[in-house]
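Worksheet: one structure, shown below.
The values are calculated or read from the model by the stated rules, or taken from the named source; none is laboratory data. In this text, all values refer to a predicted model and were calculated from it rather than measured experimentally. Here the Cβ positions follow ideal geometry from the backbone for every residue, glycine too, while neighbour counts run over all protein chains shown.
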Amino acid sequence: MASRPTKRRRVTPPREDGNESANRDARVQKAFFQSAANWNLEEDYQALSRKGKKKDAKRKGDDGHGRLPVHTTQGTWQVQDSADSVDSDSEWLENEGDEATVDEQPETAAPEEPKIPEREQIRKAQEELAKIATQLNEDPEEHPGAFKALARIGESPIPAIQKLCIVTQMTVYKDVIPGYRIRPASEEAAGEKLSKEVRRLRTYEQALVLGYQGYIKTLARHAASPASDSRKGAQPISSIAFTCACTLVNAVPHFNFRGDLLRILVGKLSRSKVDGDFDKCRQALETLFREDEDGKASLEAVSLLTKMMKAREYRVDESVLNLFLHLRLLSEFVGKASQDKVSRPGDQAKGKQPKAKKEFRTKRERKLLKQQKEADKVMALADATVSHEEREHMQSEILKMVFATYFRILKMRTPHLMGAVLEGLAKYAHLINQDFFGDLLEALKDLIRDTDNAENGASVEAGVEEDDNDGLSVVRDTSREALLCTVTAFALLEGQDAHNARSDLHLDLSFFVTNLYRSLLSLSVNPDIELGAKSLHLSDPDDTSSGNPADRATRNNKINLQTTTVLLLRCLSAVLLPPWNIRSVPPIRLAAFTKQLMSVALQLPEKSCQAVLGLLHDVLHTHGRKVSALWNTEERKGDGIYKPLSETVEGSNPFTTTVWEGEILRKHYCPKVREELKAMEKELRGLSS
């Protein structure tokens with residue numbers, strides 16, 4: 001830094017003659033003006049900085065150095081040199097620019113905040129979440145802005161804080177959501193005068209709805225994210241998002257944005273991979289269907305499921321279709337429906353109805369009646385009540401969508417869903433309209449023919465089909481599918497007024513009876529006859545039909561409700577002991593099935609054998625006179641030979657044979673089988689006496 005120049009005293013020159021002094025002053029002044037003519041003050045002024053202002057600014061002199069000339073003792077004018085003087089105007093301008101640059105430099109940036117460790121950030125987030133949740137739990141209406149504060153904490157890039165935040169929000173919303181649906185504030189209501197309490201409540205409700213909407217969007221975003229976490233063994237945030245969505249669907253199904261929550265669950269069910277999150281979503285929908293009373297949530301969920309399955313071309317897991325079996329509304333519905341229409345017992349017969357007499361009302365009465373209807377509608381919405389007519393309408397819509405889905409799958413013959421469809425049709429057979437009955441039976445017959453071709457290897461080798469889209473092998477149990485078709489056909493008749501339905505529609509179920517008779521022998525040697533679709537059992541190590549051990553272990557069909565033995569007994573009961581007309585069974589059918597079942601009992605496992613003998617005991621008790629000749633050779637009524645492998649029941653000629661299998665069953669290793677056989681013989685002795 002330059003040192004301060006030495007201060008010099010001005011020395012007054014000695015007095016001289018007046019004329020000489022005046023002449024010298026005139027010359028100096030003339031020289032000064034001549035040099036001033038060469039100055040370029042405008043250019044120097046433009047080069048100066050506009051921002052730089054010096055506190056010790058001085059007037060510039062004629063030499064451009066910013067200093068005035070000094071009159072020396074010798075009588076001349078000169079600029080006093082100093083240590084901080086500059087050589088030229090350009091150098092002075094450069095120095096001025098440097099000073100201006102220094103002045104124009106921005107303030108030094110604030111130092112970066114010290115990086116807080118992740119563990120400390122998580123601890124602070126926990127404290128903040130606990131504080132906000134406590135405030136909302138104590139008095140939520142006093143803290144409407146707390147919902148935004150919770151969402152703001154969830155914006156942290158740390159996954160652990162995001163998980164804590166969405167779980168905390170789920171708990172808070174589940175506790176503070178009221179038992180009614182909040183309607184959006186209208187423009188008219190926004191301009192009216194309200195009391196302080198009402199305005200406070202509306203502000204809180206709007207804040208709750210906005211915060212809840214943002215939270216559901218956050219859940220949807222996390223649910224769609226890939227299931228991965230940087231920490232090994234940590235639960236992914238997508239799994240936590242599905243858990244929160246399932247909890248809210250079951251806890252507050254009446255509240256706003258229910259459809260968005262259901263879309264999260266249905267989106268997971270549309271995937272082919274079945275994991276823990278898939279099971280959680282499925283169980284949540286099952287609980288929703290079982291506990292739904294008014295039907296709005298069930299209708300919305302069924303609509304989303306049917307649209308999703310149709311868009312996926314029914315390439316979904318069978319458990320998704322089995323969700324329809326848990327619908328509470330369908331078990332309480334009393335009407336009849338098909339895939340496109342619904343009829344109720346109270347519907348009037350078709351034809352011209354008498355015109356109702358119109359009641360005369362004045363203009364004032366009509367106005368009052370209209371206002372009363374609007375008030376009743378508002379009160380019904382406020383009380384969240386559902387009228388009987390509205391509930392029946394929702395039941396009808398649900399039933400139509402379910403039957404439309406079932407019928408499409410039957411037409412498409414989706415292999416891995418056939419069992420689930422048939423189980424559903426058998427359960428809801430009493431709700432099927434007679435106009436839809438004939439088409440459905442024809443579809444079942446086509447399916448049985450298809451299963452026969454599959455067994456013969458004509459259409460599908462070994463009952464295995466490849467799904468090219470998913471790359472998964474689907475194993476069909478054709479025997480179970482045929483049994484399910486037969487059960488469904490007789491369940492449909494049982495659900496209708498069977499005698500009238502058969503006479504009006506001219507339906508013949510002999511096709512199903514014949515198919516059941518032909519399949520008895522093959523079912524008796526089925527090693528999995530006492531296992532359900534999802535029963536666990538060891539695979540055969542010598543089975544080389546499938547190269548993948550996992551495929552061999554899960555080669556059974558997909559229906560998990562009943563075993564093959566139970567399905568067989570249901571079919572036999574419907575054929576031999578029909579509840580609608582138990583005395584109408586022809587004797588030749590009874591005799592053919594009785595002889596075949598006694599032969600089948602020799603190959604069946606002990607529990608299945610015991611069940612078949614119990615069914616035969618009931619047949620003897622009901623139709624003993626018609627089949628007692630099979631145990632007595634002296635009462636033989638037929639001619640020819642017995643044909644157990646006949647294609648028809650009547651062609652087997654059962655009265656030409658004798659039931660000799662009882663002699664072997666007397667020595668059966670199971671004591672319960674022997675006891676059941678003794679009960680049958682006792683029943684026969686009672687008939688002869």
- Query: Is it true that Ala458 is surrounded by fewer than 17 Cβ atoms within 10 Å (Cβ to Cβ) and modelled with pLDDT under 70?
  - Reply: yes
- Note on the structure: Given (1) outside any loop (DSSP other than H, G, I, E, B); (2) modelled with pLDDT of 65 or more, Asp508 misses just (1)
- Is it the case that some residue within region 127-150 is within 25 Å of Arg258 (Cβ to Cβ), in contact with a Cys (Cβ under 8 Å, 6 or more places away or on another chain) and either of a type in the set (Gly, Ala, Ser) or in contact (Cβ under 8 Å) with a residue 60 or more places away in the chain (or both)? yes
- Message: Suppose we filter region 117-132 for residues that are in a helix (DSSP H, G or I) and more than 32 Å from the chain's Cα centre (by Cα); how many remain?
- Response: 8
- Task: Take region 642-673 and flag every residue that is polar (S, T, N, Q) and part of a helix (DSSP H, G or I).
- Result: Ser652, Thr656
- Item | Total residues in region 133-159, condition hydrophobic (A, V, I, L, M, F, W, C) and outside any helix (DSSP H, G or I) | 1
- Can you tell me which residue among Ala356, Ala337, Ala382 is modelled with pLDDT under 65 and surrounded by 17 or more Cβ atoms within 10 Å (Cβ to Cβ)? Ala337
- Among the residues of region 584-630, which ones are touching a residue at least 60 places away in the same chain (Cβ under 8 Å), farther than 12 Å from Met680 by Cβ, surrounded by fewer than 22 Cβ atoms within 10 Å (Cβ to Cβ) and among the small types (Gly, Ala, Ser)? Ser599
- Among (1) buried (at least 18 other Cβ atoms within 10 Å of the Cβ); (2) at pLDDT below 75; (3) over 27 Å from Ser270 (Cβ atoms); (4) out of contact with any Phe, Trp or Tyr (no Cβ under 8 Å at 6 or more places or on another chain) - the single one Val475 does not satisfy: (3)
- Message: Would you confirm, using the coordinates I've provided, whether Glu423 is modelled with pLDDT of 85 or more and not basic (Lys, Arg)?
- Response: no
- Item | Among the residues listed as Glu676, Glu681, Glu647, Glu634, the single one being under 57 Å from the mean Cα position of the chain (by Cα) and more than 23 Å from Ser584 (Cα to Cα) | Glu676
- Query: Applying the selection to region 625-641, what residues are touching a Phe, Trp or Tyr at 6+ places or on another chain (Cβ under 7 Å) and assigned to a loop (DSSP other than H, G, I, E, B)?
  - Reply: Arg636, Lys637, Gly638
- Message: Looking at the structure I just gave you, is Leu369 at pLDDT 65 or above, over 21 Å from Arg290 (Cβ atoms) and in a helix (DSSP H, G or I)?
- Response: yes
